[in-house]
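Notes to accompany the following structure.
Throughout, read-outs are computed from the coordinates displayed, never taken from laboratory work. In this text, all values refer to a predicted model and were calculated from it rather than measured experimentally. Don't worry about glycine lacking a Cβ; one is built from the backbone with ideal geometry, like all the others, and counts go over all protein chains shown.
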Protein chains: 2
Amino acid sequence: MANDPPDLDWLFHPRSIAVIGSTRFDKKTQRIPHAIYFTVALRAMGYPGALCIVSRSGASEISGEEKVYASILDVPGPVDHVIFCTPARAVPPILQECAAKGVRSAVIFSSGFSESEDPQGRDLEAEALRIAGKGGIRLIGPNCMGLYCPESGLNFRADLPNNPGATGMISQSGGMAIRTIFHGTEKGMGFSKVVSYGNESDLQSWEILDYLARDEKTRLILAYIEGTRDGRALARSLREASRRKPVLVLKGGLTPDGSRAAGSHTGSMAGNDRLWPAMLRQAGAHRVLDVNELVDTAMTFSYLKRPAGRRMTLMCISGGLIVNYADVAVRHGFEVPELAPATRTALSEVINTPGTSFANPIDMASLFFSDRIYAPLFEALDRDANTDFILFIVAMEYMRGLEFQYKISVQRIVEAFIGFIARVEKPFVVVVPPSVEEESRLAVERTFLKARIPTFLSMDGALRALAARIDDPRREAVG
Amino acid sequence: MANDPPDLDWLFHPRSIAVIGSTRFDKKTQRIPHAIYFTVALRAMGYPGALCIVSRSGASEISGEEKVYASILDVPGPVDHVIFCTPARAVPPILQECAAKGVRSAVIFSSGFSESEDPQGRDLEAEALRIAGKGGIRLIGPNCMGLYCPESGLNFRADLPNNPGATGMISQSGGMAIRTIFHGTEKGMGFSKVVSYGNESDLQSWEILDYLARDEKTRLILAYIEGTRDGRALARSLREASRRKPVLVLKGGLTPDGSRAAGSHTGSMAGNDRLWPAMLRQAGAHRVLDVNELVDTAMTFSYLKRPAGRRMTLMCISGGLIVNYADVAVRHGFEVPELAPATRTALSEVINTPGTSFANPIDMASLFFSDRIYAPLFEALDRDANTDFILFIVAMEYMRGLEFQYKISVQRIVEAFIGFIARVEKPFVVVVPPSVEEESRLAVERTFLKARIPTFLSMDGALRALAARIDDPRREAVG
């Protein structure tokens, strides 16, 4: 590896944590103080080490299980890691005490540093960096959420999911990290380590990336990046990480208006905008355009083995919908080619129901979810020379029609159907677009996801994710 | 009007209907017969006229409230309208009897006509057309669902919504009509008349379009079209209708693979593919690319007055998300310009909370949903010379964070927020992307929709719909 890869494993396994900041409940804003917020988050994740709060004002007005000390120097045992929730100007002096205490790492949640319009912010950040460097403390941030690692109990928000998984993430934005964790979890994914790194004063994005690239618990890497001071090092790390694992990158601030926003968000120079897409391509990383696409693509890498190409067999119950969906597929650079002659012959021998068309796209028409159809159909498609993958559109309005016509539940139909899909060799994806009441759509989507079948809300979303999956040479799903 | 516009009002107000087809429950397929299906649908919609079933086999095995006759000629009173659910070959002879009975219109649900591969299908369709022409019967279809008109009790599916509304639709595909009705209803819309017209043997798409253009109950027209025999007449009607009302067109079969699918779906020649986009543009109709976009755009026309241009004030609580959303906006040809100096001055006088940036996009940061912010903020934006409309991103993960931090419910926050939006003069749209559990997202989306604020699942969807809305010269929402 070109960069010198730090072993950051210790960062994700601190033996003890102190959360630093006021614990006073602000009667005016009616808001729970941040120090309590982080403490509750760690407690909710079941952090197994020693946990305490450091607050100048001493004892909290909100009762908690953690002891509150007036100074970090008063904490009896060692403190490996601290989380700063103080005002920016309080960070340097307290950081000095942390160094004396032997603290090894500090997340600075506080904002008001180089990202702010206040010129003092930049000085405060430089001062914190100087103290940390001298004291041997690695700084994460400032202006970030810090570390999320369900496996070791690290957390920055009480309601984040506590299941570990194979997806790692670096995110310059805490909001993007939170959104991705929640939305990814809705899609059935779990996370190994997520680092919200904000202003990137000390710990660099490329360092975390190098670590995730080697971390055995991480098999897929997501990145949200607004800018960086060392583009060359980041490019090197992206290239090296992409060689080892799929890397999906969402770049913020690629347009003038977005870049202006990034400037006031993390103080990043989001510039060199035309260079980023080329750099990511050269690095072998996959560029995604928004947070939805980030999650959809991550889910696809998690569950789907690589389709050999862009030729799909497109199946739906509704003839009108399937014409439009075939159009959308072609517009995205996919093909919905005719099935091979051998496939058509095979199918016509076993299935000859009027109204059902075995041209591709396949309009299931009146066949619906007939058990006797699916086994021979999927068997024939598995052998079809023109099919790289199968895309099934679940038309919820038809599913509900089936409930009425056949007096069986949609849930049972879907479960039976998943049984057939399980035997399909070729990559199989499902799209369940909005239709009748969202609740029923959601139940079906979740049933497919539970079976680890990539399931999308929209054809657009499915195709963008599939394009990235197909572009990646790795054959197997990361799981 | 260039075409001779038929008054089709009688078609949507038949005094009596006979559903024609077998009522025998098929023990093998376990399926409710189509004739029962349509009868139940009409009953569910509260069709107020006389309703009966005509079935060669006589009395139904499924008990119903409607009388079953062996022949249409046995029905005691007059029959204005019939719905054919028989096999294709049975249509011509029974249609002959319908003519004798004085039937005025017939929906032919049956398939197996010109859309099928069977050469006999084309002959059967010609034969039906000849009999209908001679007998003074207008044919809808074959191979269609027919008429949906909640106001007069017409219906083709038992679970379709029974609320009337201002949206009319012509659809060559029954599936597309059903999907649009369901999804549109989820978005809070209602429908005046929907005609699924299938093979278009007699009643032409342009005739229905001419009618909807003049129908006072219809203020917005949607069209799903795969092909037509008389492109010139359809173009004329689209132009005329677009002059009177917004017309949104989804063309099926614009790509080679989609066109092949359309061929086997409605037997349409979907060809002349490059001509369609130009024709629609010249007609002043809005082209949409998929069924989601059709519904999103229809909702936007229903609720939103026209933004004066493409310059948005973009607001969100999350800095990281807003950078990406600004990028997406610019990529779609919108602008997120800096607020006018006067606006920034006005805002800095009333609001000076650290961390909140009043550059555009507006990162609400720690201000969240503070009552004291919104009145002066929206007042300033209403006067802002650089803002054509306001787009608000609701980050559900932050909303849930608020519940925790401030101990108030998301529902209450949203309702208070809607109170502030009500006073905003400029067009206002909301995007609520997937995040935490879909159920909570859905509750928020529905609360906004209930207040008739255009609410989208994705930024992409919002921007595509807004682009169409801005392109349309009409100022007011169709309601």
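Projecting the Cα atoms of B:Gly102, B:Ile83, B:Pro119 onto the charge dipole of the range B:67-157 (Cβ charges, centred on the Cα centre) puts B:Gly102 farthest toward the positive pole. Among the residues of B:247-259, the average count of other protein chain beta-carbon atoms within 10 Å of the residue beta-carbon is 6.
Inverting the pair-averaged 1/r between distinct Cα atoms of the range B:146-303 gives 15.3 Å as its Kirkwood hydrodynamic radius. For GluC sites (Glu not before Pro), the sites in the range A:180-284 that DSSP calls loop and that have at most 15 other Cβ atoms within 10 Å are A:Glu216. Take each residue of peptide B:175-188, count the partner chain Cβ atoms within 10 Å of its Cβ, and average: the result is 5. Gyration tensor over the Cα atoms of the range B:9-140: the corresponding equivalent ellipsoid has semi-axes (square roots of 5 times the eigenvalues, largest first) of 22, 19, 13 Å.
Each residue of the range A:113-123 was assigned a 3J(HN,Hα) from its phi angle through the Karplus expression (A = 6.51, B = -1.76, C = 1.60, θ = phi - 60°), giving 9, 5, 7, 8, 6, 5, x, 5, x, 5, 5 Hz with x at Gly and Pro.
Here the protein assembly as shown carries DSSP beta bridges of which approximately 10% are antiparallel, counting only pairs with both residues inside.
Annotation: amide H-H contacts under 5 Å for B:Phe456 (H modelled 1.01 Å from N, sequence separation of 5 or more, or interchain): B:Val430, B:Val431, B:Val432.
The mean sequence separation of alpha-carbon pairs under 8 Å and at least six residues apart, normalised by the residue count of chain A, gives a relative contact order of 11 percent. Computed extension gain for B:Gln282 through B:His13, at 0.36 nm per residue and net of the alpha carbon distance, reaches 93.4 nm.
When only C-alpha pairs under 8 Å and at least 6 residues apart count, what is the relative contact order of the range B:146-303, in percent? Intermediate results must be reported in sequence, preceding the final value.
Working: 307 pairs, mean separation 35.7, N = 158.
The value is 23 percent.
A Cα-only calculation for chain B places Rg and Dmax at 25.9, 82 Å. By its C-alpha gyration tensor, with a ≥ b ≥ c as the square roots of the eigenvalues, how is the protein assembly as shown shaped: rounded for a/c under 1.5, else prolate for a/b larger than b/c, else oblate? It comes out prolate by the Cα gyration axes.
Cα-based count: Lys pairs in the range A:100-254 below 23 Å, eight or more positions apart or different chains? Summing the qualifying lysine pairs gives 8.
Annotation: extensible slack from A:Ala359 through A:Arg331 equals 8.1 nm (criterion: 0.36 nm per residue apart, minus Cα-Cα distance). Inter-chain Cβ neighbour count for A:290-297, averaged per residue, equals 4 (cutoff 10 Å, partner chain atoms only). Could you tell me what % of all Cα pairs in the range B:83-191 have separations over 25 Å? Of all Cα-Cα pairs in the range B:83-191, 30 percent lie more than 25 Å apart. Each Lys and Arg contributes +1 and each Asp and Glu -1, all at the Cβ; summed about the Cα centre of the range A:205-268, the dipole is approximately 260 debye. Once C-alpha pairs closer than 8 Å and six or more residues apart are averaged by separation and normalised to the residue number of the range A:312-471, the relative contact order reads 25 percent. Which residue, chosen from B:Cys316, B:Ala35, B:Thr185, occupies the Cα position most advanced towards the positive end of the dipole of chain B, where the dipole is computed from +1 (Lys, Arg) and -1 (Asp, Glu) charges on Cβ about the Cα centre? It is B:Ala35, whose Cα lies furthest towards the positive end. Relative to its residue count, the range B:312-471 spans a Cα convex hull of 104 Å³ per residue.
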